[in-house]
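One structure below.
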């Protein structure tokens, strides 16, 4: 069990550029979550997948954001036409469906939009 | 009003002190209650989870839930400098976690 991994760990981009982040969950976990965390705040839910299916999206997830989990394993989160307000830590978590369903978080990708 | 309220601190205590961290919530649909620890520039790490009202103990950590008051607490006994971090309460409804803002704790020598 190597835990949840995210790549890249840091990303600096210019406003208007597109960026893509990758998350590799714990291998046997069938649920995968994306959260966004800004300075001084707790993580905020963005979206989650069960296997390949995207089951819920937050209203925080504007149409510039898209997430995929094509084979039910790793996931990507793409932000198109980045804005300065997108600067945040993007966290991925995974869990195994069940009664408790503990979510385990990765180290995050820190995005800075200039 | 936020669904989960948590005092952001910072909270500074001397080594060996008992620390009390708290959250209140307004959504009665929350079913599970968690505490995560987050070190600077790292992802949150799960410390404890509870379901029902009452206490749950794990080593130096005790989690307490009072559903009637919509109030949860985390107690840390014999606090250590390595406990210095941000502590996030989180509450689960269906599959989604809702977090508090986090309380920054500093344990001094």
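The values are calculated or read from the model by the stated rules, or taken from the named source; none is laboratory data. What you see is a predicted model, and the numbers here were worked out from it, not measured in a lab. Cβ sites come from the backbone with ideal geometry, for glycine too, and all protein chains shown count toward neighbours.
Miscellaneous remarks
Residues checked against (1) touching a strand residue (DSSP E or B) at 6+ places or on another chain (Cβ under 8 Å); (2) within 29 Å of residue B:49 (Cα to Cα):
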{"residue": "A:28", "(1), (2)": "no, yes"}
{"residue": "A:43", "(1), (2)": "yes, yes"}
{"residue": "A:81", "(1), (2)": "no, no"}
{"residue": "A:94", "(1), (2)": "yes, yes"}
{"residue": "A:106", "(1), (2)": "yes, yes"}
{"residue": "A:110", "(1), (2)": "yes, yes"}
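- The single condition among (1) part of a loop (DSSP other than H, G, I, E, B); (2) surrounded by 14 or more Cβ atoms within 10 Å (Cβ to Cβ) that residue B:36 does not satisfy is (1).
- When the residues of segment B:90-109 are filtered to those that are within 13 Å of the chain's Cα centre (by Cα) and more than 8 Å from chain A (Cβ to nearest Cβ), the one that is nearest to residue A:98 (Cα to Cα) is B:91.
- Filter pass, residue B:45 being within 14 Å of chain A (Cβ to nearest Cβ), touching a strand residue (DSSP E or B) at 6+ places or on another chain (Cβ under 9 Å) and at negative phi: yes
- Within segment A:22-114, strands (runs of 3 or more DSSP E) holding 3 or more residues that are within 13 Å of chain B (Cβ to nearest Cβ), surrounded by 15 or more Cβ atoms within 10 Å (Cβ to Cβ) and free of Cβ contacts under 8 Å to residues at least 40 places away in the same chain: A:44-50, A:53-57
- Residue in segment B:76-89 that is closer than 17 Å to residue A:45 by Cα, within 9 Å of chain A (Cβ to nearest Cβ), in contact with a strand residue (DSSP E or B) (Cβ under 9 Å, 6 or more places away or on another chain) and modelled with pLDDT of 95 or more present: yes
- Extreme residue, nearest to the chain's Cα centre (by Cα), among residues of segment B:1-28 that are farther than 18 Å from residue A:44 by Cβ and part of a loop (DSSP other than H, G, I, E, B): B:7
- So residue A:16, is it out of contact with any helix residue (DSSP H, G or I) (no Cβ under 7 Å at 6 or more places or on another chain), on the phi > 0 side of the Ramachandran plot and either in a strand (DSSP E or B) or modelled with pLDDT of 95 or more (or both): yes
- Options B:53, B:40: the member that is more than 13 Å from the chain's Cα centre (by Cα) and within 14 Å of another protein chain (Cβ to nearest Cβ): B:40
- Residue A:19 meets each of the listed conditions (1) in contact (Cβ under 8 Å) with a residue 60 or more places away in the chain; (2) more than 13 Å from every other protein chain (Cβ to nearest Cβ); (3) surrounded by fewer than 16 Cβ atoms within 10 Å (Cβ to Cβ) apart from (3).
- Residue list for segment B:55-66, filter: exposed (fewer than 15 other Cβ atoms within 10 Å of the Cβ) and either on the phi < 0 side of the Ramachandran plot or in contact (Cβ under 8 Å) with a residue 40 or more places away in the chain (or both): B:55, B:57, B:58, B:60, B:66
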